[in-house]
Amino acid sequence: MKKIGILGIICCLIVAAFSLFSARETIAETADMGMFLSKAFAETAADVEGWQVHNWSVIDKEYKAAEDLKLLGLNLNKTFGIQNAQEALESKGDQTSFTLRGKWQNGAAAQLVLTSMKFQDHAPQTVLVLRVEQEAKDLSDYSSAIKKVSETARFANTIPQISTCIKGLRADRMNDGELNSMVKQVLQKVKAKEIEGVRSELVTSVSGYSPLTKDYIVTNGNKMNLQVAAHFDGHLGKTRILVGSPIVTIEY
């Protein structure tokens, strides 16, 4: 009986250790949006053309004066890191905004906007917008941009609300079958289930949900955190591919 008891304890410890490892593995999978989207985009076989990272989050339910917004914006930029930033302060009616525009590392365009608004039917609010956009042939700064945007939003005591997108080109004109096959491969690569889609002669746009990243939005009662879009660019003679999370944020 003692042997059986000891063996049982050992088995329980092994199961517990395996469960803990699995939990850590799952957390690691869901922690990096940049890795998630890079993995999805790689499956399109498109050449990278650029990327964008965008955050919109509410700081508080208060109206802040112009000078207070400026002070907060300059303080946040110590974390965000816009270089040679140009300032703009504007007040119009019940809305005041402070904007910093400039360059981020390696020439990426960066923007920080604080807007404070008054409303007649509900409490005022102050919101933070952060954006980093880069035209590039690789994704070397992509994950670090997501991290920096997230860190800055958290430093402002907000919950980061990040949307991000990678764009690229394929040298061929893809037919309907090829487009559908590409989308299917992207979804399968990140274990995503298709939620909704539009397939026409002009554009293919499919949205899905993957458990591999923790962020998502809800549309028609369904979770969604991945969008794959493609259309033929007649001017370039190439197929333009965009992959975004939770949705594509670049015009197409």
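The values are calculated or read from the model by the stated rules, or taken from the named source; none is laboratory data. Since the model is a prediction, treat every value here as computed from it, not as a measurement. FYI the Cβ positions are ideal-geometry reconstructions off the backbone, even for glycines, and counts take in every protein chain you see. Accessible surface areas use protein heavy atoms only, side chains included; no ligands, DNA or RNA. Shrake-Rupley method; radii C 1.70, N 1.55, O 1.52, S 1.80 Å.
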- Going through the stretch 133-151 one residue at a time, which ones are of a type in the set (Ser, Thr, Tyr) and more than 14 Å from Gln105 (Cβ to Cβ)? Ser150
- Query: Where residues in the stretch 32-54 are part of a strand (DSSP E or B) and acidic (Asp, Glu), which of them is farthest from the chain's Cα centre (by Cα)?
  - Reply: Asp47
- Provide a single number: the residues in the stretch 117-159 that are among the acidic types (Asp, Glu), part of a loop (DSSP other than H, G, I, E, B) and more than 21 Å from Val58 (Cα to Cα). 2
- Can you find even one residue in the stretch 168-188 that is modelled with pLDDT of 95 or more, under 18 Å from Ile247 (Cα atoms), open to solvent by 50 Å² or more (accessible area, probe 1.4 Å) and not in a helix (DSSP H, G or I)? no
- Note on the structure: Expected output for the stretch 134-163 (first residue under 19 Å from Asn77 (Cα atoms), partner of a type in the set (Ser, Thr, Tyr) and crowded, with 21+ Cβ neighbours inside 10 Å, Cβ below 7 Å, 6+ apart or cross-chain) is Ile146/Thr164
- Query: Taking the stated definitions as given, is Ala108 crowded, with 17+ Cβ neighbours inside 10 Å and free of Cβ contacts under 8 Å to residues at least 60 places away in the same chain?
  - Reply: yes
- Find the residue count for the stretch 122-140, including only residues that are open to solvent by 60 Å² or more (accessible area, probe 1.4 Å) and of a type in the set (Ser, Thr, Tyr). 1
- How many residues, within the stretch 55-76, are open to solvent by 30 Å² or more (accessible area, probe 1.4 Å), without any contact (Cβ under 8 Å) to a residue 60 or more places away in the chain and not in a loop (DSSP other than H, G, I, E, B)? 6
- Item | Members of the stretch 196-252 that are part of a strand (DSSP E or B), among the β-branched types (Val, Ile, Thr), open to solvent by 40 Å² or more (accessible area, probe 1.4 Å) and under 19 Å from Ser38 (Cβ atoms) | none
